[in-house]
Amino acid sequence: MKTTNYNIWYALLYELLRALGEQYNKVRSNRIVKMILQYCHEDWVLWKVENTLKSVDRDIQKIVEEWDKQEKPKYELIEHEPDGSKAQELLGGAMEIKSTWRRD
């Protein structure tokens, strides 16, 4: 994944000042702190989005690995060709799930 252009120090400063503002009201109401938060907000957002996407990628990888370990379902997916109607032209043909096991 390509890293976005942001200043990590601004992002960390924003995170620090935000955390301090939650603990101390005087920090939150300080005019200079408000200006710093406003200035650093864009870098913080880009940093937060990048870290969230990395976390989602890791979670997806774990789920895919768990699915690969599970037994494959025993069914067959059949996709029929569209019959020419307007709805099936837009959505595609009918779909059918058919079991692959048979009774003796």
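Within the group TYR39, TYR75, which residue is at pLDDT 95 or above and on the phi < 0 side of the Ramachandran plot? Write out each step before concluding.
Details: TYR75 fails: at pLDDT 95 or above.
The conditions single out TYR39.
Please work out which residue is surrounded by the most Cβ atoms within 10 Å (Cβ to Cβ), limiting yourself to segment 52-104 and to residues that are in a helix (DSSP H, G or I) and over 30 Å from the mean Cα position of the chain (by Cα).
Step one: of segment 52-104, the residues in a helix (DSSP H, G or I) are 52-69, 86-91.
Applying the additional criterion that residues be over 30 Å from the mean Cα position of the chain (by Cα) yields 86-89.
Numbers: LYS86: 8, ALA87: 9, GLN88: 14, GLU89: 11.
Residue satisfying both the conditions and the ranking: GLN88.
Of the residues VAL64, VAL33, VAL45, which is closer than 30 Å to ASN7 by Cα and either out of contact with any helix residue (DSSP H, G or I) (no Cβ under 8 Å at 6 or more places or on another chain) or in contact (Cβ under 8 Å) with a residue 24 or more places away in the chain (or both)?
Numbers: VAL64 fails: closer than 30 Å to ASN7 by Cα; VAL33 fails: either out of contact with any helix residue (DSSP H, G or I) (no Cβ under 8 Å at 6 or more places or on another chain) or in contact (Cβ under 8 Å) with a residue 24 or more places away in the chain (or both).
Only one candidate passes the filter, namely VAL45.
Any residue at all in segment 90-100 that's over 30 Å from ASN7 (Cβ atoms) and touching a Lys or Arg at 6+ places or on another chain (Cβ under 6 Å)? Can you show your working first?
Our first condition is that a residue be over 30 Å from ASN7 (Cβ atoms); within segment 90-100, this holds for 90-100.
Retained after the next criterion (residues that are touching a Lys or Arg at 6+ places or on another chain (Cβ under 6 Å)): 100.
Yes, the conditions are met somewhere in segment 90-100.
Specify which of the listed residues (VAL27, VAL33, VAL45) is under 20 Å from the mean Cα position of the chain (by Cα), in a helix (DSSP H, G or I) and surrounded by 10 or more Cβ atoms within 10 Å (Cβ to Cβ).
VAL45
For segment 84-102, name all the residues that are on the phi < 0 side of the Ramachandran plot and among the small types (Gly, Ala, Ser). Don't jump to the end; show me each part of the working.
Residues of segment 84-102 that are on the phi < 0 side of the Ramachandran plot, as a first pass: 85-91, 93-102.
Those that are on the phi < 0 side of the Ramachandran plot and among the small types (Gly, Ala, Ser): SER85, ALA87, GLY93, ALA94, SER99.
The values are calculated or read from the model by the stated rules, or taken from the named source; none is laboratory data. Here the structure is a predicted model, which means the values were calculated and not measured. Cβ: placed from backbone, ideal geometry, glycine included. Neighbour counts: every protein chain shown.
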